[in-house]
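The values are calculated or read from the model by the stated rules, or taken from the named source; none is laboratory data. Here the structure is a predicted model, which means the values were calculated and not measured. So basically every Cβ, Gly included, is an ideal-geometry build from the backbone, and we count neighbours across all protein chains shown. To get the accessible areas, we keep the full protein, side chains included, count just its heavy atoms, and leave off ligands, DNA and RNA. Shrake-Rupley method; radii C 1.70, N 1.55, O 1.52, S 1.80 Å.
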Amino acid sequence: MSDTSLPTLPGDDVRQIMWRFSDRFDLQMAVQSARGVARGTVARLVADGVRNTHEWNDEKGKLLTAFDESGLTSLYMDVEQGGFIEGPKNMAMSLVAFELSWVDAGAATGSLAGNLALAPIHEKGTDEQRRFYMGKALPPQPGEDRVPWRGAFALTEPLPFVGVDTGVVGGKAKIADWPEGGEPVLQIDKRGRFITNMDFANFVTAAVDSDDERIKGTFMVILEETDPGTFDRGAPTLKLVHQLSSTRDPVFSQQVPASRIIGGYDVVDGVIVPKFNHSEVIASVFHRTRIPVGLMTAAKLLSAVEPVIRYQRSRFHGGEAGEGSPRYDLGLQVNEDVTHRLIDVWATGEAAASVGFEAARQADIFDPVEREKDRICAEQGLTGRKQMMALRKKEPEVLEYLDLLYTDEAERDAARFADLDADILVQFALGDARANIMNPAVKLWNTGHGATMMREAVALMGGYGTTEDCPGFLPQKWMDAQLEATYEGPEAVQRRHLTLGMTSRIFRHEVDLWIRELEAQAGDGYGAKSLAAGFKLWSWTTDYLQGHNDPDGKKLYHGKRQAVTFPLADAICWLLSARSLVQDSIELKTKGAENPVLAESLDAFSSFYADLCKLQAARAAGEVSRICADLVYGFQESADEADAAEFAALREAVDRSLAGTELARDRAADALTHIMIPEALDYPA
Amino acid sequence: MPTTYQIVVCGGIVPDPLQSLEPVMGPTGPALKNEMMLPSVLDPWAWHALFEAADLAKRHPGSKVWLVSMSPKAKLQQVMMGLAQKVPFELVVVDGPASGFADAVETAAALAGAIEGIPDLDRSKLLLFGGWQSASRGTGAVLQMIGEILGIDEQFQGVDKLTVDDSGGLEILERIEAGAWQKSRCAGAPAVLGWATGELPEPPNNPQIGMQNMRGIMPALQQAKPAALSGEGLSYDSVESPKQRRETRVETEMDADAIADEIAAWLKG
């Protein structure tokens, strides 16, 4: 028999269905490992005030041991390198970042930074480089007596060099010695800024530019602490956030063999030509690492729900109101404002998690496709512009594939679908178009809007929210969220990235198909109608802005016109995150019945998530409506009547779709007054 | 020839001790409110028993550990994602309730049947481990009855330490009253040991062990047979949580002796 009141906070059974890893016990084990470290070692460190210092110390060093022992250090490695997860690791890294950030995102950053250092080698390194450094970084296995190597990724430099613009590399490389018939020796000079893991890194993967006519362009190079010259770890960065990760501003001036160039090199007419320039290397790395960062903020928001409920309910315990009275049992929850605001925090966290994990799943699909595409293109001699043209030629087939993908399986041309499904260039073009939207959207919306909503969570704790002993470490998480919005590409970088991606024909075509899909789901109570209306409005506005100029005759949609493109980028993020939540919630309702654990509570969870979806979809559509109105009317002295009428009709559709939204909020908020929570947080505070 | 053991650890799952546990009377008898949705862990005493078993097996190469669990298999699967990374073992599952309200006699019979069904189990080398108590209800009787059914009459409860001498003899420290231990000896396997906390810390997660265990765990979960529990002959008039209040006081200035004195005074009333 099913019950319709939300029984408990969603547990692993619910999450595994929504985030689609019910059948992946390797990922489920990684979650348990990370959770054990987060709610054990990490929480103890935060509770003991270890964040209150910039310097790395022995206490913080316990994190490294915990990461090693629990398998998190080797998470990134392939099975043949000593890892335990076959295939792409984006979902695994995202889940681990999520679990660690549930308690402290600095710990998650430290964990990811080790992977980030290895990533250039993993993605573009030679076989020998991969074998050597992965082997060194692998924690000792039973019977081994060795200390694993730690790495740091050194890209960012002191102003005015590489930072927001990754192309302005100040680090330099010269040829120090080139013996006849022998290996050239490079002199590397690089200053780093905000370099994570620098207190204990044994090697660094650094981006540098040529300062020698015998070396061509930029590249990434591996520096070891024992290489001749200066390996100065530098001063600690005086961070106010993420203090459980080690960050310093190092200085390197070292001589290394040219074989340390990541990916290797050729000698052409007496010039060293690296196989990959630094942009190619970091593109392959950053393409994916921004997803876990977005999920860090999502974890903070969802982690706030339980401590806030407990605070609300117990607010008047010990006072004159006795047990059994509403004031004693419900505390602040007798007032709907606190539950309504907490529902907004919860819905934001859910949407952020849903879009983040969707991006991670897509990245796992995309990784092998990208490698295969590289192989095919290399075979066919397709590089640079030639490759771009070959992929562009595939665009009609990508659109055809999308049409088939969104057609009922029984009705579509199965043979044609299978052909296109197996066409690597088609799949690459589609995956690339999706990644160019999803990855920056996750980073931008989750961290940017997420930080704002973390303030709301902190506010819900009253004065407690401004103290070090606030349960759930909420104020620390609020501060940390700001760094997540900044590092690995600040908000402006993500908006620029979206500006380029969101006008792609492939993406726009998929948006049209989403609208059709959402309209078909409109009667299910998930707010799909609001989302469909929001996407339509966004699409119309994008077309309008691309096709119109301002009164001075200047294009409205232009890379330099950020007052137009950036808000439009923000708008699509609202829609994407809400859409992911709707799809995950529908998945829960559909697949939940297969899990006997959920049998009794599925209706309750489904109803609650439907209400969250409805709220978040309405909020998203409302934001889009406001942004689009600013953009359509704001750059004209007076509106064209036909355009205005069309636009107004689309806005009205959004407005009308909001029917019942506040009733959904009432229901969801009421659930918060009945939900059973544990006696105490499962980590110290 | 070195002594080897075949160690069977009996252990069910219980709701995570931090959860709110509210007994309710359901249509088929007592249960815990929202029991299926509460995150579970291996019963803490069985947890200690499992780690002791793995340690003993490691010190006696050629030994093997089985974990025999009567639990709802879908819930048990979640628990395995963490537990399987701790130590090597083979899982045997009896799909049944874990609320602690099942009849101890029927539970013992079901578990004994599962143990008897383990292929090629050498009873002469059998050490039957489990917890001497349970966090679910704690009849403290199931393990003893399994031993009886299997014909093992060397039984020890409240075990904190097991030492094996060169001849294969077992020396066992059992908890008795007043904080004392009783030291016992027996010639060797087979024996039943109901563990208290043992002496070992929780092993760190090792995903390599986890992946290795999982090869057997997933089939074991899929092949689990439902426990034949009729529930006849047992009824509950009422169930309730022990009356207790959690009175937390934060003391930052008191030294350990003063805290101990105050607790001792409180215990004495």
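A quick yes/no check of all residues on (1) at negative phi; (2) open to solvent by 40 Å² or more (accessible area, probe 1.4 Å); (3) touching a Gly at 6+ places or on another chain (Cβ under 6 Å):
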site	(1), (2), (3)
B:Gly179	no, yes, no
B:Lys183	yes, yes, no
B:Cys186	yes, no, no
B:Ala191	yes, no, no
B:Glu199	yes, yes, no
B:Ile209	yes, no, no
B:Arg215	yes, yes, no
B:Pro219	yes, yes, no
B:Ala224	yes, no, no
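Looking only at residues that are outside any strand (DSSP E or B) and of a type in the set (D, E, K, R) in segment B:62-95, which one is nearest to the other protein chains (Cβ to nearest Cβ)? In this case the residue turns out to be B:Lys75. Filtering segment A:590-603 to residues that are within 9 Å of chain B (Cβ to nearest Cβ), open to solvent by less than 30 Å² (accessible area, probe 1.4 Å) and in a helix (DSSP H, G or I) leaves A:Val597, A:Leu598.
Could you tell me how many of the residues in segment A:100-117 are touching a helix residue (DSSP H, G or I) at 6+ places or on another chain (Cβ under 6 Å) and open to solvent by less than 10 Å² (accessible area, probe 1.4 Å)? Residues meeting the conditions: 7.
Restricting B:Ala98, B:Ala102, B:Ala108 to residues that are within 27 Å of A:Pro596 (Cα to Cα) and part of a helix (DSSP H, G or I) narrows the list to B:Ala108. Residues that are over 22 Å from A:Arg505 (Cβ atoms) and assigned to a helix (DSSP H, G or I) within segment A:364-393 comprise A:Asp364, A:Asp367, A:Pro368, A:Arg371, A:Glu372, A:Asp374, A:Arg375, A:Ile376, A:Ala378, A:Glu379, listed in sequence order. When segment B:141-165 is limited to residues that are in a loop (DSSP other than H, G, I, E, B) and of a type outside the set (Val, Ile, Thr), the one that is farthest from B:Thr4 (Cα to Cα) turns out to be B:Ala141.
Considering each residue of segment B:205-216, count those that are without any contact (Cβ under 8 Å) to a residue 60 or more places away in the chain, at the interface with chain A (Cβ under 7 Å from one of its Cβ atoms) and not aliphatic (A, V, I, L, M), and give that number. Residues meeting the conditions: 1. State yes or no: is B:Ala98 more than 19 Å from B:Ile7 (Cα to Cα) and either aliphatic (A, V, I, L, M) or surrounded by fewer than 23 Cβ atoms within 10 Å (Cβ to Cβ) (or both)? Answer is yes for this residue. Inspection of segment A:644-654 identifies no residue that is touching a helix residue (DSSP H, G or I) at 6+ places or on another chain (Cβ under 7 Å) and not in a helix (DSSP H, G or I).
Criterion first (open to solvent by 30 Å² or more (accessible area, probe 1.4 Å), within 14 Å of chain A (Cβ to nearest Cβ) and modelled with pLDDT under 85) does B:Pro17 satisfy it? Considered against the rule, which asks whether it is open to solvent by 30 Å² or more (accessible area, probe 1.4 Å), within 14 Å of chain A (Cβ to nearest Cβ) and modelled with pLDDT under 85, B:Pro17 comes out as yes. When the residues of segment A:35-55 are filtered to those that are facing chain B (nearest Cβ under 9 Å) and of a type outside the set (Lys, Arg), which remaining residue is nearest to B:Val79 (Cα to Cα)? Looking at residues that are facing chain B (nearest Cβ under 9 Å) and of a type outside the set (Lys, Arg), I get A:Gly36.
Among the residues of segment A:470-488, those that are among the hydrophobic types (A, V, I, L, M, F, W, C) and open to solvent by less than 20 Å² (accessible area, probe 1.4 Å) comprise A:Cys470, A:Phe473, A:Leu474, A:Ala481, A:Ala485. Within segment A:121-159, which residues are surrounded by 14 or more Cβ atoms within 10 Å (Cβ to Cβ), among the acidic types (Asp, Glu) and more than 21 Å from A:Ser245 (Cα to Cα)? A:Glu123, the sole residue that qualifies.
On the given criteria, is A:Leu118 outside any strand (DSSP E or B), within 23 Å of A:Gly229 (Cα to Cα) and outside the structural domain of A:Pro257 (by TED's automatic domain parsing)? For A:Leu118, the condition - outside any strand (DSSP E or B), within 23 Å of A:Gly229 (Cα to Cα) and outside the structural domain of A:Pro257 (by TED's automatic domain parsing) - is met.
Determine whether segment A:508-520 contains at least one residue that is assigned to a helix (DSSP H, G or I) and closer than 30 Å to B:Met36 by Cβ. The answer is no, given that none of the residues of segment A:508-520 is assigned to a helix (DSSP H, G or I) and closer than 30 Å to B:Met36 by Cβ. For segment B:37-54, the tally of residues that are within 14 Å of chain A (Cβ to nearest Cβ) and either open to solvent by 50 Å² or more (accessible area, probe 1.4 Å) or in a strand (DSSP E or B) (or both) stands at 5. Scanning segment A:564-581 for residues that are crowded, with 24+ Cβ neighbours inside 10 Å and among the aromatic types (Phe, Trp, Tyr) gives a single hit, A:Trp574.
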